[in-house]
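Report on the following structure.
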Amino acid sequence: MLMPRGSHDLTILSSSLDVSPKADMAWAQDVFGNLVAAASFAVPTDMLAISSEVLVEQRALAWPIYRIAPDAHAYPFGYSEGEMADLGALLHPQHDDPEGVLATWARSFVVGSAVDTLSLLKDINAGIADAVAYRTRDEEGTQSPLETLSIASGSCRDMSALFIDAVRHLGFGARAVSGYLHDPDDSPGDAGSTHAWAEVYLPAAGWIAFDPTHRRVGSANLIPVAVGRCNTQIMPVTGGYAGAAEDFSGMEVRVAVEEV
């Protein structure tokens, strides 16, 4: 999954995908509407190279105004019956919280009987940025939210996973997003690499991006490629090979995001 998702504020102007050695390519959309390319190879090889180049026009505002449904302005609110059915698994935390540590942490941001919904989500987003130190982590997989809170450090995917489960404990529908970051201000984080963040569904406003790594709200500078229930569903490249474990000689990834 390397092709960005087009939207009202992101237009794909051109794209190319090259695979070496030559492969039989089959394109499909997964259950979330992500564009997936499956490559099959006819001959053995000791090398695999994948090159994707995309030109996009990004129109997301730096300071967006969200037109949230009036009955969802204040938290707590209830999704409609139809929204509950459609959100489904996106309402349920992905990771175990046997002693309620994460649920309690999430509820600590709810001050009073009714709070502004968007302000609550912004506070949780900023709270993660304050509580968790960003670090590049090359290890496979995603830390559990409890581990990220405990060690107070994590990668962008760890911080987004923490945000997602925290807001799900409060009843919000949330999903994981992977893609690219273009940061003209060169702030620390994942500029020049793949990036991970979260989106929360609010009635009438739709899906709103929250990037706890950079303490930001909205889609400005974010180029989404895939969405899913959790990070394992949105990895850019997955696959396997026939051979011994020691045959794997390593992998190199280069990402360049430039303004033109």
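Here are some notes:
- Relative to the longest principal axis of the Cα atoms of the chain, the long axis of helix 156-169 lies at roughly 40 degrees.
- Comparing Arg168, Arg157, Arg135 in a Gaussian network model of the chain (Cα springs below 10 Å), the most mobile by mean-square fluctuation is Arg135.
- Farthest towards the positive end of the charge dipole of the chain, among the residues Val225, Phe109, Ala42, is the Cα of Phe109, using unit charges on the Cβ of Lys, Arg, Asp and Glu.
- Relative contact order computed over the chain (Cα-Cα under 8 Å; 6+ residues apart), in percent: 21 percent
- Diffusion coefficient (Stokes-Einstein, Kirkwood radius over C-alpha pairs, 37 °C, 0.692 mPa s) for the chain: 167 µm²/s, rounded to a whole number.
- Ordered by the count of other Cβ atoms within 10 Å of each Cβ, fewest first, Asp165, Asp138, Asp211 give Asp138, Asp165, Asp211.
- Calculated mean residue ellipticity, 222 nm, the chain: -5500 deg cm²/dmol, from DSSP H runs (n ≥ 4) at -39500 (n - 2.57) each, averaged per residue and rounded to 500.
- Panel order for Asp9, Asp130, by other beta carbons found within 10 Å of each beta carbon, from fewest to most: Asp130, Asp9.
- Under DSSP loop assignment and at most 14 Cβ neighbours within 10 Å, longest GluC sites (Glu not before Pro)-free interval of the chain: 141-251
- Nearest-ten-degree value, helix 117-131 long axis tilted from longest Cα axis of the chain: 60 degrees
- Environment charge of Phe109, counting only residues whose C-beta is closer than 15 Å and scoring Lys/Arg +1, Asp/Glu -1: 0
- Springs between Cα atoms under 10 Å define the GNM used for the chain, and in it the highest mean-square fluctuation of Gly179, Gly78, Gly240 occurs at Gly240.
- Rounded to the nearest 20 debye, the dipole size of the chain about its Cα centre is 540 debye, using +1 on the Cβ of Lys and Arg and -1 on the Cβ of Asp and Glu.
- Residues Met159, Met47, Met1, arranged from fewest to most other Cβ atoms within 10 angstrom of their Cβ, appear as Met47, Met1, Met159.
- Local net charge near Ile68, Cβ-Cβ under 14 Å (Lys/Arg +1, Asp/Glu -1): -1
- Near Ala226, once Lys and Arg are set to +1 and Asp and Glu to -1 for all other residues with Cβ below 9 Å from its Cβ, the sum equals 0.
Each value in this text was obtained by applying a stated rule to the coordinates, not by laboratory testing. Given the structure is predicted, the values throughout are model-derived calculations rather than measurements. Positions of Cβ are generated from backbone atoms using ideal geometry, with glycine treated the same way; all protein chains shown enter the neighbour counts.
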